[in-house]
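Working notes, structure below.
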Amino acid sequence: MKIAIKNRAACAFLLWAAGLFLQTTAFAAIPVQHWTQASGAKVYLVESPAIAMVDVQLDFDAGSRRVAAGQAGLAGVTAALLSKGVAAKGGALALDENALGEAWADLGAQFGASAGTDRFSFSLRSLSEPDLLAQAVQLAARQIAEPAFPADVWQRDRQRLVAQLKESYTRPASVAAREFAKTVYGSHPYGHEVNEATLARISVADMQAFHAAHITRCNARVSIVGALTRMQADALVAGLLSRLPPIDCAAAPPLPAVPEVAPLERAQLLRIPFDSAQAHVLMGQPGYRRNDPDFFALTVGNYILGGGGFVSRLTSEVREKRGLSYSVYSYFAPGLHAGAFTLGLQTRPDQVGEAVRVSREVLTRFVHEGPSGAELKAAKDNLVGGFALRIDSNRKLLDNVANIAWNQLPLDYLDIWTQQVEKVTLADIKAAFSRKLQPEKMVTVVVGAADAGK
């Protein structure tokens, strides 16, 4: 039996190596089915029978925004330790990290956990063959609900994380990013810094308590893409959550509200001396929430400003015309709260003042005047033409379905995405950028040069 499983596992790896491309077209409808289980879990499914695979993502409101500043890093290390073993429970034997890794390899399946600013996620990929999938679901259910959190492994991993932190202090890009986040977000959890002190305050008991409080059936949003019917998907989700304690969702108290990111009141310039060949510059402010109605106008506008690579206005003005930087870019990072708008570049230390000045001028002019008609047409053509690449594999499609689930977007969001892009006007972009960005109040962080301009 085990040999047969390993043979089928080998087939699974061949399928993954082949790319697992979803057979769809840019304009084919992508029906997203949605329902809520009796347990409280919200399920989102796209049936994709072309390949005998299933991709699953379980998201919980348990990202770093749910962690106090003094224990920054708790969500991330909790996710990391979930792969280090499962406890003995209900007649099932304990598995250490080596045995757990071998069990997944034998099934030819992949499972992991991660934590971001907003959500704590589990991901599962398996063949849809019933006996293999059933075993993968059973093992994943144990890992979701019954992690061992071995204390000796945490001590080892904490030392490794501290070493990584110390190494990051030697990299100017890391120093700039850390200072930028703290200054832009202030006291909001998005800006909390993970350091040696916060890691030292985290115990196994803290991880267990965090896991118990946040990884619950009521708190689950499950996205699925693969060769399953709705009935099979419903059973799969029930299996994945089966070992979590049952909860009356109606009676369970809601998680406490997290305050919004405070807007910046004034411009700030941070100069951080650093012995490096290039000065690293980050400029920005809090941006907008993912469910903001200006999302498409800001997406198209930022492609023109600095998100379109070599065709962006920042690249044209800073790199091509003046040779001040090899790379210059801008992006928004919207989340459940106002994620940062960031403009970044690297330049020679003796050019940093001019590079900052020109970048700020380009940004200010764009906010006040908006793009040209030719820029708007080129951006729309590129975004619409590239849409198919956003959904050309089950994994990419799953990312998009999870985005719909997490941000409570319309179920036809992928079907109308290109239409929404096409609808954006010059006036929409100008108005949206004027509402969201205040160049005169932005944070500017310069690492590696004393002169950052005025």
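Using mean Cβ contacts within 10 Å as the protection proxy, how do 299-306, 147-154, 196-203 order, highest first?
Listed from highest to lowest mean packing, they are 299-306, 147-154, 196-203.
Can you give the relative contact order of the chain as a percent, counting alpha carbon pairs under 8 Å and 6+ residues apart?
The normalised contact order for the chain reaches 22 percent.
Rounded to the nearest Å, what's the spacing between the alpha carbon centres of segment 403-454 and segment 276-294? Just the number, please.
Distance between centres, Cα-based: 9 Å.
Please work out the FRET efficiency for the pair Arg156 and Asp206, using the Cβ-Cβ distance as r and a Förster radius of 25 Å; give the result to the nearest 0.05.
So, using R0 = 25 Å, E works out to roughly 0.90.
Give me, ordered by chain and number, the residues 5 or more places off Met53 or on other chains with an amide H under 5 Å from its own placed amide H.
For Met53, whose amide H was placed from the backbone, the distant partners under 5 Å are Ser128, Ala227.
Calculate for the chain the 222 nm mean residue ellipticity that helices alone would give, adding -39,500 (n - 2.57) per DSSP H run of length 4 or more and normalising by residue count, nearest 500 deg cm²/dmol.
On the way: 15 runs with 185 residues, N = 454.
That comes out to -12500 deg cm²/dmol.
Chymotrypsin sites (Phe, Trp or Tyr not before Pro), restricted to segment 38-114: which are DSSP loop and have at most 13 other Cβ atoms within 10 Å?
none
Give, as a single signed number, the net charge of other residues whose beta carbon lies under 15 Å from the beta carbon of Glu317, with Lys and Arg counted +1 and Asp and Glu -1.
Charge balance near Glu317 sits at +2.
Fewest first, what order do Tyr329, Tyr169 take by the number of other Cβ atoms within 10 Å?
Going from sparsest to densest Cβ surroundings: Tyr169, Tyr329.
Computed from the coordinates by the stated procedures, all read-outs in this text should not be read as laboratory data. Given the structure is predicted, the values throughout are model-derived calculations rather than measurements. Cβ: placed from backbone, ideal geometry, glycine included. Neighbour counts: every protein chain shown.
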